[in-house]
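Enquirer: To start, I am sharing the structure in question, which I have written as structure tokens.
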Amino acid sequence: MMPDKSRVASWDRMNQLFKIKRLGNQSIVEPDERAKSITAQEALLYEFPVGQYIAQIHRAGLTFPGGTGSLADMAQQWADAYAADRALPPTIGAHCASCEFKAEPGSALKSGFHECWKEAAGLTDADLAKPTVLELWNFRGKQKLIEAGKLFLADVGKDELGDYTTNLGVSTAKRQWLQVQWEADADSLPLEFQSAGFHLDHNYMAIEMDRWRYPLHFIDFETSTTALPFHAGMKPYENVAFQFSHHVMERDGTLRHANQFLLAEPGVFPNYEFARALKAALSNDDGSVFMWANHENTILGHIVEQLKNREDAPADKEELASFLQTLVKSGKRAMIDLRIMAQKGYFHPSTRGSNSLKKVLPAVLQSSRYLRERYSQPIYGTKNGIPSLNFSSMTWWIQDGYGSVADPYKLLLTMKSERQLAIGADPDDLDIAAGGEASMAYGRLQFETLNEAERNALKAKLLRYCELDTLAMAMVVEAWQDTVRGR
């Protein structure tokens, strides 16, 4: 049985028919009696025949890292090994990049990844403290390197990476080579990289920055897609946009958390109110609007389609759709993707090749003197410093006991709002420091079994997390601007 994405939910709050209750470490689903009255026409599932695929597996067998075999034979072998608690001989390869059993160094948890690589390649813990070729950014030849015995970044040759040249910005191959050089021969890096500890393409960044219009707007959305829609008129896995945060930076560097939106009441479809609030936040000027990655573009496109096609679209649907279309790729105020700028113009070794905001932020905090001087003081969330809607006198640049800057997203996990402290509510089973956790929190808020204190605590966490996302974008831009132009 599969969700049918062509069907539309005819029931509002259909999720309330299948409530989840937590009993200690267990969760149980309690179907409502009304669920039994759902007709075949109202159901959102369809029967998908899989007999032909099962037959195909029985005919062709299984292919897995290290071998092939029939389903029956392999099921028996693996069952026997499991029953005897006997480890199977490991086969390492590019598939290890997605290993779910990799613990961070120093963790009390066992690391299946490390066990496999040590046994298969005769490595030690000290060896595996070095970056492997699995970390090589956007490189599709990892399997060939591993098969050739090149397991570490320092083993990779420049001729194995492809075209190094580019007209403007950093090419994929150059980013990869910067990763390799940092590990293999840091002395061969450009002197500017050696002294600064990172690479920034001044020419590319300067050209991009000259196109910006002030004030600058940094936005971040939190969204949810579920198999069982929360609202009538929605299809399975259709997007719900329930939250955004908005920071504004003036030409003189003044920064403020200007707006936020959160609508997570059970059964209330938030997308139209979301669009109205975003329009109100961004319509006071024509300053450049920034996002990190393409998610915001995708969500705005979905809301435009909902405004055009849903029967419950509001009276101002054309006005809202017209505004949102100015922000998407072909719009006159198309959002600027800072992740693309990071990819083409910035590389810091501590990101391990990643262009994720949650990797780039700690990197710029570690290397930027401007950020250190600005955010090592408790100015965030003060009237004369940087106004905030969720923080008070916050210091974001904090050095840990090892000489590194603490990751702000980890700091976030230790915080409680004044309201939470007052009501004594804090659902510790769901910390919010990533988008997936925010989506889970929204899902929990749609279930009426939460009490008011728990709801308020989750909302406070959502608001702080989303605000940090747009602050992080602003911090990254501040660091880049300081490097390119100085202040």
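The values are calculated or read from the model by the stated rules, or taken from the named source; none is laboratory data. Keep in mind it's a predicted model, so treat the numbers as computed, not measured. In this analysis, Cβ positions are derived from the backbone assuming ideal geometry, glycine residues included, and neighbour counts consider all displayed protein chains. In case anyone asks, the SASA skips ligands and DNA or RNA and just uses the protein heavy atoms, side chains included. Shrake-Rupley method; radii C 1.70, N 1.55, O 1.52, S 1.80 Å.
Enquirer: Accessible area per residue for the chain in Å², computed with a 1.4 Å probe and the full protein assembly in place, what is it?
Expert: On a per-residue basis, 52 Å².
Enquirer: With a 1.4 Å probe and all protein chains left in place, how much of the accessible area of the stretch 18-70 comes from carbon and sulfur atoms, in whole percent?
Expert: 55
Enquirer: Per-residue HN-Hα couplings for the stretch 318-332, Karplus 6.51 cos²θ - 1.76 cosθ + 1.60 at θ = phi - 60°, whole Hz, x for Gly and Pro?
Expert: Those phi angles translate into 5, 5, 5, 4, 4, 5, 4, 5, 6, 8, 7, 3, 8, x, 5 Hz.
Enquirer: Okay, next question. Take the residue pairs LYS279/LYS317; LYS21/LYS110; LYS358/LYS383 and return only those whose Cα atoms are more than 21 Å apart.
Expert: As for pairs spanning more than 21 Å Cα to Cα, those are LYS21/LYS110; LYS358/LYS383.
Enquirer: Jot down the radius of gyration and Dmax of the stretch 1-114, Cα atoms only, both in angstrom.
Expert: Expressed in Å, the Cα Rg and Dmax of the stretch 1-114 come to 21.6, 54.
Enquirer: Here's another thing I want to ask about it. Grab the beta carbon distance between GLU192 and LYS410, set R0 = 25 Å, and tell me the FRET efficiency rounded to 0.05.
Expert: 0.25
Enquirer: Now for a separate question. Search the structure for amide H atoms under 5 Å from the amide H of ALA313, placed 1.01 Å from N in the peptide plane, and list their residues when 5 or more places away or on another chain.
Expert: Under 5 Å from the amide H of ALA313: no residue qualifies.
Enquirer: Can you compute the modelled spin-label distance between LYS158 and SER283, with each label point 7 Å from Cα toward Cβ, in nm?
Expert: Output for this residue pair reads 5.5 nm.
Enquirer: Same structure, new question: I want the antiparallel fraction of DSSP beta bridges within the chain, as a percent rounded to 5.
Expert: The antiparallel proportion sits near 85 percent.
Enquirer: In the chain, once you exclude exposed GluC sites (Glu not before Pro) (DSSP loop, at most 16 other Cβ within 10 angstrom), what's the longest stretch remaining?
Expert: That would be 101-249.
Enquirer: Pop the C-beta distance of ALA84 and THR166 into the FRET formula with R0 = 41 Å and round what comes out to the nearest 0.05.
Expert: Efficiency for this residue pair is about 0.15.
Enquirer: Next question, about the same structure. State to the nearest 20 debye the size of the charge dipole of the stretch 118-261 about its Cα centre, where the only charges are +1 on K and R beta carbons and -1 on D and E beta carbons.
Expert: So the magnitude is around 460 debye.
Enquirer: Along the charge dipole of the stretch 1-142, which of THR68, ILE57, SER27 sits closest to the positive end, that is, farthest toward it, with unit charges on the beta carbon of Lys, Arg, Asp and Glu (+1, +1, -1, -1)?
Expert: It is SER27, whose Cα lies furthest towards the positive end.
Enquirer: Checking the table LYS359/LYS410; LYS410/LYS461; LYS130/LYS150 against a 19 Å threshold on Cα-Cα, which pairs fail?
Expert: Distance filter (> 19 Å) returns an empty set.
Enquirer: Same structure again: In whole Hz, with x marking every Gly and Pro, tabulate ³J(HN,Hα) for the stretch 308-315 from phi via Karplus 6.51 cos²θ - 1.76 cosθ + 1.60, θ = phi - 60°.
Expert: Values per residue, Gly and Pro as x: 7, 10, 6, 5, 8, 4, x, 4 Hz.
Enquirer: Follow-up. Taking the Cα centre of the chain as origin, sum charge times position over the Cβ atoms of Lys and Arg (+1) and Asp and Glu (-1), and report the length of that vector in debye to the nearest 20.
Expert: 560
Enquirer: Mind listing the long-range amide H neighbours of ASN259? Cut-off is under 5 Å, sequence gap 5 or more, other chains count too, H placed in the peptide plane at 1.01 Å from N.
Expert: HIS246
Enquirer: Taking H placed 1.01 Å from N in the peptide plane, check which residues at least 5 places from ILE398 or on another chain put their amide H under 5 Å from its amide H.
Expert: Result for ILE398 returns ALA406.
Enquirer: Additional query: Got a sec? Which residues in the stretch 30-45 would a label at MET2 touch, if it sits 7 Å along Cα→Cβ and we count backbone N under 14 Å?
Expert: Zone members listed by number: 45.
Enquirer: Between ASP12 and TRP212, what length comes free when the chain is fully extended (0.36 nm per residue of separation minus the Cα-Cα distance, one decimal in nm)?
Expert: Stretched fully, the ASP12-TRP212 segment lengthens by 67.7 nm.
Enquirer: Quick one: Cα centre-to-centre distance for the stretch 74-146 and the stretch 265-287, in angstrom?
Expert: Distance between centres, Cα-based: 46 Å.
Enquirer: May I ask you to evaluate 6.51 cos²θ - 1.76 cosθ + 1.60, the Karplus curve with θ = phi - 60°, for each residue of the stretch 238-254 and list the ³J(HN,Hα) values in order in whole Hz, giving x for glycine and proline?
Expert: Using θ = phi - 60°, the values come out as 6, 6, 10, 9, 10, 7, 8, 10, 8, 9, 10, 10, 7, 4, 7, x, 4 Hz.
Enquirer: A further question on this structure: Quick one: check the C-alpha center-to-center distance for the stretch 352-375 versus the stretch 206-226, whole angstrom.
Expert: Using only Cα atoms, the two centres lie 18 Å from each other.
Enquirer: Continuing with this model, one more query. Answer with a single label: of [x] 41, 34, 22; [y] 42, 29, 23; [z] 37, 36, 24, which was calculated as semi-axes √(5λ) of the Cα gyration tensor in Å from the structure in view?
Expert: [z]
Enquirer: Moving on to the next point. Counting other Cβ atoms within 10 Å, which chymotrypsin sites (Phe, Trp or Tyr not before Pro) in the stretch 70-104 have at most 11 and lie in a DSSP loop?
Expert: Counting only loop positions with at most 11 other Cβ atoms within 10 Å, none of the chymotrypsin sites (Phe, Trp or Tyr not before Pro) in the stretch 70-104 qualifies.
Enquirer: Suppose every Lys and Arg Cβ carries +1 and every Asp and Glu Cβ carries -1, with no other charges. What dipole size does the stretch 183-329 come out with about its Cα centre, to the nearest 20 debye?
Expert: 580
Enquirer: GLN52 versus CYS99, label points 7 Å from Cα toward the beta carbon: distance in nm?
Expert: Each label point is offset 7 Å from its Cα along the Cβ direction, giving 3.8 nm.
Enquirer: Okay, moving on. Quote the FRET efficiency, to the nearest 0.05, computed for VAL29 versus ALA227 with a Förster distance R0 of 22 Å and r equal to the Cβ-Cβ distance.
Expert: 0.95
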